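Only one structure is covered here, and it is reproduced in the block below.
Computed from the coordinates by the stated procedures, all read-outs in this text should not be read as laboratory data. No experiment lies behind these values; they were computed from the predicted model shown. Virtual Cβ from ideal backbone geometry, glycine too; neighbours counted across all protein chains shown.
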Amino acid sequence: MSQQPLLEIAGLKVTFGRGAASADAVAGVDLTVAPGEVLGIVGESGSGKSVTMLAAMGLTPKSARIGGSVRFRGQELVGMPQKGLRAIRGARMAMIFQDPLTSLNPVLTIGAQVAEALRLHNPGLSRKAAMARAVELLALVSIPEPERRVRQYPHEFSGGMRQRAMIAMAVANSPDLLIADEPTTALDVTVQAQIMEVLKELRERLGIGLVLITHDLGVVAGAADRIAVMYGGRVVEQGKVDDVFYRSRHPYTRGLLASIPKLDVRQERLQPIEGAPPSLTSRPSGCPFHPRCPLAEARCSSEEPLLRQVGAVETRCHFAERLDDPEGGIVVPFDKAPARKAVGP
Amino acid sequence: MQQYILRRLLMMPLLLLGVVTVAFFLSHVTKGDPLSSVVSERQMNNKVVVEAARKRWGLDRSLPDQYRIYLGNLVTGDLGTSFRTKRGVGEDIADRLPATLELVVAAMIVGTGCGIGLGVLAAHKRNEAADHGARFFALIGSSIPVFWSGLILLYLFSVQLGWLPGAGRLDARTAAPPFVTGMFTVDALIAGDLQTFLQALGHLILPAFVLGWAVMGIISRLVRASMLDVLNQDYVLTARAKGAAELRVLLHHALRNALIPTLTIIGYSFAYLITGAVLTEAIFSWPGIGSYAVESARALDYPAIVGVTIIGALAFLLANLVTDVAYALANPKIKLG
Ligand SMILES: Nc1ncnc2c1ncn2[C@@H]1O[C@H](COP(=O)(O)OP(=O)(O)O)[C@@H](O)[C@H]1O
Ligand SMILES: [Mg+2]
């Protein structure tokens, strides 16, 4: 990991709205992804995971203002003209989304959509050659009968097959980085495990760096090298996957860990911690987590903690040292395989 | 698909029968004596002449009898004889149809082409000056009556500025190109006569624009709304994430989807064009079905009126069929059958 990082996000800020109504959906995020590494970004809905990575791709809506820096293979992307970004997007850096049904164009065949990804970045490639390559790509993500499937429309595909097609499209140009935004959230439990398998396999085969966004720690447990936990538009803790699972120093992470479903308990939606995450327009002062935090003291509402190394992890809590005993008081269930996988059909 | 089209085509005679019936009886409940167009004014007091004419044109029969005879002739393709021109209504219409077809097709191209273009532009530049401009322009077209915009534009571009020729299909001294389709622009091209083509095109521009402008408003408004909806869809984000350029995202990914709900309206706007053509032709002295309809109505020429109605209804039914088929073709989720 001594080489140059693949993706280096520093002080990233994404602001929606103007003047008094403006709010930072992303309020100073630092993240790095090394080549071939899998970074899991975890956090409750609304914590800014998607907006962070959309900003990295230059895909935030016109209404968003971006601050800070995003470097991809050393190249600064913030402020880069669209033309330059387009050459990177889909070629060196690809993204797939949560709902594969709405993410595929309903009036174009799967083959046409995969072939388009190829032809956009290889102008010399003929239509026929692109289609032939699309068939290979569908086979690569284990879609059966790819020759027949390329001619079908998204509505003729099942949810899992659609997400496979999305992945095939995203890796069409062998990118260096694939961003998967909740790739399994909209799918059935059994299909979730299959999609994770496809991603893991591709990553081993193609050496792609992967950013895996999820609100479910169970999903990243068996897949990620490192984990960043986001809350209120910030990274509140990050470290190697084992360190975050075993040696977390942040009460929010511990709350998330405690809420991973046990092997024998079926839980549909995770309700990690009492209370709801702050809305974009009413972020609390100081530490954004303090209203829900069991450890909170007066200092937490006035002074925002900095991200600092405590033990094995980087964490953003004034009282991180009090959490030195991982098992102390908080149950940390741990099973390296995604816990949900056990909840079979 | 073929089966569906066939079924729809087989339904058409039935629908047309309904149209014929309504048109036939409606045209006969109007006051006024159609004989006034058959018999000269001087002879109207001559009982013998009037009676002979009445008999000659079948007006001495009861209305149901007339209806039965008319339908019988219609089945053989005979639309009857015009009181006014004393020619077969079918012939009259065949003579006039190409002019109207040329006008309506040109108006359709102007209306849908500009309507879609303005709608896409407005959605892309949402709430910016271009959006307001496009919407204002389209709104004017759909709110000003055709005869009003027609007169103003004719006065401005033809009389005042002299940029475009005035009424009619060609300049007075130009001969029509050799007949192939009856549409002068097309025939001139077939004959390789560029000068006549340009002249015919020049004459076509204003009426086609006036008529097209009227439907542009509806179409652009729908395309804009539909585009705004589509541009928020995830697959548009996917297209951008692939590295597609903005124009490709707009036209290849978004517009294809946005047009599906709009297609139906484009079909209906065709009906609007048919009625709008009547007024436009009157203003621009365009010798088509529309002006024929106006002349026939003035003369209480029943056979001609009913004949024109049938042709209009037929055009409308065909346009709807084409719309439905296009809708199915554009939407892979729909299988007609
Ligand atoms: N286009 C937008 N306009 C305004 N606010 C937005 C927009 N997109 C996202 N947000 C806000 O930014 C915050 C972070 O959203 P997001 O990154 O999607 O969260 P998540 O962690 O669930 O992916 C949320 O509060 C959301 O409401
Ligand atoms: Mg999200």
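Under 16 Å from the Cα of B:K333, which aspartates and glutamates turn up, not counting those fewer than eight places away in the same chain?
Correct list for B:K333: A:E156, B:D324.
Under 18 Å from the 7 Å Cα→Cβ point of A:R65, by amide nitrogen: which residues of segment A:1-32?
In segment A:1-32, the label zone of A:R65 (backbone N under 18 Å from the point 7 Å along Cα→Cβ) covers A:11-29.
What residue among B:L189, B:I140, B:T85 has its Cα farthest toward the positive end of the dipole of the protein assembly as shown, where the charges are +1 on Lys, Arg and -1 on Asp, Glu, each on the Cβ?
The residue sitting farthest along the positive end of the dipole is B:T85.
Are there chymotrypsin sites (Phe, Trp or Tyr not before Pro) in segment B:145-191 that DSSP puts in a loop and that have at most 12 other Cβ atoms within 10 Å, and which ones?
Working: sites: B:F147, B:W148, B:Y155, B:F157, B:W163, B:F179, B:F184; in loops: B:W163, B:F179.
Here the sparse-neighbourhood loop sites are B:W163, B:F179.
Treat the count of other C-beta atoms within 10 Å as a stand-in for reagent exposure and order B:D92, B:D78 from fewest to most. Show your work: numbers first, answer last.
Details: B:D92 24, B:D78 14.
So the residues, fewest neighbours to most, are B:D78, B:D92.
Quick one: work out Rg over Rh on the C-alpha atoms of the protein assembly as shown, Rh as Kirkwood radius.
Details: Rg = 35.3 Å, Rh = 30.5 Å.
That ratio is 1.16, to two decimals.
Using only alpha carbon pairs under 8 Å that are at least six residues apart, calculate the relative contact order of segment A:102-174 and give it in whole percent. Present the calculation step by step, with values, prior to reporting the outcome.
Working: 89 pairs, mean separation 32.1, N = 73.
So the answer I get is 44 percent.
Over 22 Å between C-alpha atoms is what I'm after, so list which of A:K13/A:K240; A:K49/A:K240; A:K49/B:K242; A:K49/B:K125; A:K62/B:K242; A:K62/A:K83 land there. Spell out each step's value before the answer.
Values: A:K13/A:K240 24 Å; A:K49/A:K240 18 Å; A:K49/B:K242 20 Å; A:K49/B:K125 28 Å; A:K62/B:K242 18 Å; A:K62/A:K83 16 Å.
A:K13/A:K240; A:K49/B:K125, as the Cα separations exceed 22 Å there.
Over the whole of A:108-117, what's the average partner chain Cβ count within 10 Å per residue? Rounded to a whole number, please. Walk me through the numbers on the way to the answer.
On the way: counts 7, 1, 0, 0, 1, 5, 1, 0, 7, 6.
That average works out to 3.
Over the Cα atoms of segment B:20-75, each weighted equally, I'd like the Debye log10 I(q)/I(0) at q = 0.13, 0.24, 0.25, 0.29 Å⁻¹, rounded to two decimals.
Listed by q, the Debye log ratios stand at -0.38, -1.01, -1.06, -1.19.
Taking the Cα-to-Cβ direction at B:R256 and at A:R283 and moving 7 Å from each Cα, how far apart do the two end points lie in nm?
Between B:R256 and A:R283, the simple spin-label model gives 4.0 nm.
Report the relative contact order of chain A, percent, no decimals, based on alpha-carbon pairs under 8 angstrom and at least 6 residues apart.
Working: 691 pairs, mean separation 67.7, N = 345.
It comes to 20 percent, rounded to a whole number.
Which of A:D24, A:D188, A:D225 ends up with the largest GNM mean-square fluctuation for chain A, with Cα atoms connected below 10 Å?
With Cα springs under 10 Å in chain A, the top fluctuation among A:D24, A:D188, A:D225 is at A:D188.
Among the aspartates and glutamates, which fall within straight-line cross-link reach of B:K55, defined as a Cα-Cα distance under 15 Å, with same-chain neighbours fewer than 8 residues apart omitted?
List returned: B:D33, B:D65.
Considering only C-alpha atoms, what is the centroid distance from segment B:76-139 to segment A:29-69, in Å?
Using only Cα atoms, the two centres lie 50 Å from each other.
Helix A:189-206 against the longest principal axis of chain A: what's the angle in degrees, Cα atoms only, rounded to the nearest 10?
70
Starting from the exponent 0.38 and prefactor 2.2 Å, build the expected Rg for segment B:94-330 from its residue count and divide its actual Cα Rg by it. Provide the component values of the computation, followed by the final result.
Numbers: Rg = 19.7 Å, N = 237, 2.2 N^0.38 = 17.6 Å.
Cα-based Rg divided by the globular estimate yields 1.12.
Round to the nearest 0.05 the FRET efficiency obtained for B:V75 and A:E156 when R0 = 56 Å and r is the Cβ-Cβ distance. Could the numbers behind the result be given before it?
On the way: r = 46 Å, r/R0 = 0.83.
My answer for the efficiency is 0.75.
Exposed loop trypsin sites (Lys or Arg not before Pro) only (DSSP loop, at most 11 other Cβ atoms within 10 Å): please give the longest stretch of chain A free of them, not including the sites.
Working: sites that count: A:R18, A:K62, A:R266, A:R269, A:K336.
After excluding every exposed loop site, the longest remaining stretch is A:63-265.
With an 8 Å cut-off on Cα pairs and a minimum separation of 6 or more residues, tell me the relative contact order of segment B:94-330 in percent.
Details: 318 pairs, mean separation 69.5, N = 237.
Across segment B:94-330, relative contact order equals 29 percent.
Okay, helix-only estimate at 222 nm for chain A: each DSSP H run of n ≥ 4 adds -39500 (n - 2.57), divide by all residues, round to 500 deg cm²/dmol; what do you get?
Values: 12 runs with 104 residues, N = 345.
Taking each H run of at least 4 residues, the total per residue is -8500 deg cm²/dmol.
Please check chain B for the longest run free of trypsin sites (Lys or Arg not before Pro) that are loop-located per DSSP (anything but H, G, I, E, B) and have at most 11 other Cβ atoms within 10 Å.
Numbers: sites that count: B:K31, B:K86, B:R173, B:K335.
So the longest stretch without any such site is B:174-334.
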